[in-house]
Each structure stands twice: as structure tokens, then as C-alpha cells.
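*Asks:* The structure's right below; bear with me while I get my questions together.
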Amino acid sequence: MSNSYTPPKVWRADKESGGQFANINRPVSGATHDKELPKGKQPLQLYSMATPNGVKVTVLLEELLEAGIKKAEYDAWLIDIKEGDQFGSGFVALNPNSKIPALFDTTTDIRLFESGSILLYLAEKYGAFIPAEPAKRTETLSWLFWQVGSAPYLGGGFGHFYNYAPEKLEYPINRFTMEAKRQLDVLDKQLAKHQYIAGDEYTIADMAIWPWYGALALGRLYDAAEFLQIDDYPNLQRWARELDERPAVKRGRMVNRTWGDGPQLPERHSSADFAKVTNS
């Protein structure tokens with residue numbers, strides 16, 4: 001396989017990288033402009049967008065409310081990452097890594113960033129969707145952290161080079177397709193033995209994994225279902241469809257969504273807002 005690129009001795013960001021998100025990519029952190037974050041009246045203030053990482057948190061919040069935990073009410077404010085909202089001074093103060101989602105708990109004055117950390121915090125705070133028994137809790141956390149470690153290969157690896165990169169390159173597509181299929185096989189084998197990811201109990205592990213791998217199994221991510229031969233993973237598809245029918249999951253997918261087919265709710269401030277949902 002030929003390689004026409006020779007890396008320089010010292011890399012510099014002296015030309016645009018290309019691709020769908022090139023306008024927001026940069027090699028330094030920090031704010032690019034002053035912009036305070038809006039604040040609502042609910043106990044939890046979420047700043048996010050309905051990417052897979054954002055959907056994890058809105059699904060959990062809607063599941064908590066569905067379970068009758070009213071203290072989990074939240075305002076969800078849209079952070080449009082394509083427009084660079086994540087580099088506003090207010091958001092950077094909440095999350096110095098400038099990635100969605102980020103959450104502020106007004107009842108404890110605690111800021112949270114990284115979706116896995118937010119899921120764990122909320123599950124522990126409200127005593128829901130995380131088992132108390134040590135072995136089951138450990139299994140749940142193992143799968144939660146599996147997702148945190150695996151998704152960058154699916155999104156930044158396979159998804160980027162297959163779907164977003166300015167040119168199709170054989171080596172990275174082959175490399176990350178192999179890893180994506182290996183991960184799908186891991187999940188399919190686990191779900192052949194259990195109803196849910198960590199066993200027979202619905203947990204934050206399912207909520208973390210479903211927006212990425214469930215969306216892929218349902219043909220909603222990267223337009224890659226045929227390419228990845230998704231039909232080879234029937235147990236994963238069964239699980240993905242089951243979660244897709246949960247009312248809280250349906251609502252969670254709508255929140256902070258401004259694109260694509262289906263219902264969109266750019267901002268959410270109470271359960272009554274779902275009556276205002278629009279279709280694209």
C-alpha cells in the first residue's frame with residue numbers, strides 16, 4: 001500500500017485539515033469568545049447537543065423522571081458545536097475540555113463534564129439505574145467504562161474516516177472498520193446471554209452504549225449499516241429495538257436535536273415542552 005504523506009519533523013497547524021468539522025478544530029484549548037451560559041429554574045442545568053454523547057444524559061434524565069424522581073427535573077440548553085458554542089467563556093468555565101455534554105447541579109453547586117461521569121453521578125445521586133449489589137454494580141461500571149474507552153474508535157476512528165473525512169483512505173477505513181466490527185461482536189455475544197448489557201437489569205451501561213451502538217444497529221449512524229453488515233448482530237439489534245421503544249428513550253432522543261429525521265426539541269425546560277415538538 002503506497003503512502004504519499006511524509007510527516008514533517010515538527011507538526012504545525014498551518015493549513016486547514018478539511019472535513020465536516022474543520023472550522024472548529026484547533027490545537028489549543030480555552031475560550032474563543034465571551035458568552036455566558038443561560039440559566040433556568042430547574043435543579044439541573046444541562047448544556048448539550050443530541051450527539052450520541054449528549055443523548056446518553058437526556059435519556060437518563062428522562063428515565064429518572066419516568067421513574068417518578070421529580071428532583072431530576074432539568075433545563076436543557078442547546079450548545080451548537082458546529083457553530084463553536086462550546087468555546088464560549090461560560091461553557092469553558094463549566095467544561096475546560098470544550099466538549100458536550102456538561103451539567104451544573106444547582107442543589108450542590110457541582111459542575112460535571114464527560115458523559116460517563118455525568119451518568120454515574122446522577123445514578124448515584126438518585127439511587128437509580130445502578131445496582132447496589134457489589135458484583136452487579138461492578139459489572140455495570142465495567143460496561144460503562146468499556147463504552148467510554150471504545151466509542152472514540154467508533155466515532156473518531158470509523159465514523160470520521162468512513163463518513164466525515166475529506167477523502168476516503170483505505171488504510172484507516174479498514175483499520176477502524178475491523179475494530180468497529182470487533183466491538184459489535186463483543187456486544188452481540190454479551191446480549192446473547194442477557195436481556196441488557198450488564199445482565200438482566202436496565203442500567204446506565206445500556207444508556208451509555210445505546211446512543212452509539214444501538215443507533216448503529218438501527219441504521220441511524222454514519223449510513224453504514226450495509227457496509228458493517230449489521231444483520232450479522234441479531235442480539236444487538238434485538239436490544240437496540242427494545243430500548244428504542246421505551247418512552248423515556250424516545251423523549252431523550254428529541255432533546256437538543258436540531259437536525260435529521262424525526263422529532264426535534266432544541267431546548268427543554270419541563271415535560272410540557274414535548275407537546276411543542278416539531279418534526280424535521
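*Asks:* Which condition from (1) small (Gly, Ala, Ser); (2) in contact with a helix residue (DSSP H, G or I) (Cβ under 7 Å, 6 or more places away or on another chain); (3) surrounded by 15 or more Cβ atoms within 10 Å (Cβ to Cβ) is the one that residue 88 breaks?
*Replies:* Here residue 88 clears every test but (2).
*Asks:* Provide a single number: the residues in the range 84-109 that are outside any loop (DSSP other than H, G, I, E, B) and either within 22 Å of residue 140 (Cβ to Cβ) or small (Gly, Ala, Ser) (or both).
*Replies:* Within the range 84-109, residues that are outside any loop (DSSP other than H, G, I, E, B) and either within 22 Å of residue 140 (Cβ to Cβ) or small (Gly, Ala, Ser) (or both) number 7.
*Asks:* For the structure I just gave you, tell me whether residue 104 is without any contact (Cβ under 8 Å) to a residue 24 or more places away in the chain, crowded, with 18+ Cβ neighbours inside 10 Å and within 18 Å of the chain's Cα centre (by Cα).
*Replies:* No: the conditions fail for residue 104.
*Asks:* Got a sec? Which of 31, 50 is in a loop (DSSP other than H, G, I, E, B), in the same structural domain as residue 105 (by TED's automatic domain parsing) and in contact (Cβ under 8 Å) with a residue 60 or more places away in the chain?
*Replies:* Exactly one of 31, 50 is in a loop (DSSP other than H, G, I, E, B), in the same structural domain as residue 105 (by TED's automatic domain parsing) and in contact (Cβ under 8 Å) with a residue 60 or more places away in the chain, namely 50.
*Asks:* Could you grab the pairs with beta carbons closer than 7 Å, sequence gap of 6+ or different chains, first residue in the range 82-93 and at positive phi, second one surrounded by fewer than 19 Cβ atoms within 10 Å (Cβ to Cβ) and part of a helix (DSSP H, G or I)?
*Replies:* Filtered contacts from the range 82-93: 84/24.
*Asks:* Let me ask something additional. State which residue is surrounded by the most Cβ atoms within 10 Å (Cβ to Cβ) when the search covers only the range 171-202 and only residues that are of a type in the set (D, E, K, R) and over 19 Å from residue 225 (Cβ atoms).
*Replies:* 201
*Asks:* Here's another thing I want to ask about it. Which helices (runs of 4 or more DSSP H) sit wholly inside the range 144-246 and have at least 2 residues that are under 30 Å from residue 22 (Cβ atoms), modelled with pLDDT of 95 or more and of a type in the set (A, V, I, L, M, F, W, C)?
*Replies:* Where helices (runs of 4 or more DSSP H) fall fully within the range 144-246 and carry at least 2 residues being under 30 Å from residue 22 (Cβ atoms), modelled with pLDDT of 95 or more and of a type in the set (A, V, I, L, M, F, W, C), they are 170-193, 204-209.
The values are calculated or read from the model by the stated rules, or taken from the named source; none is laboratory data. The shown structure was predicted, so the numbers you read here are calculated from the model rather than taken from an experiment. Using ideal geometry, Cβ is built from the backbone for each residue, glycine included, and neighbour counts are taken over all protein chains shown.
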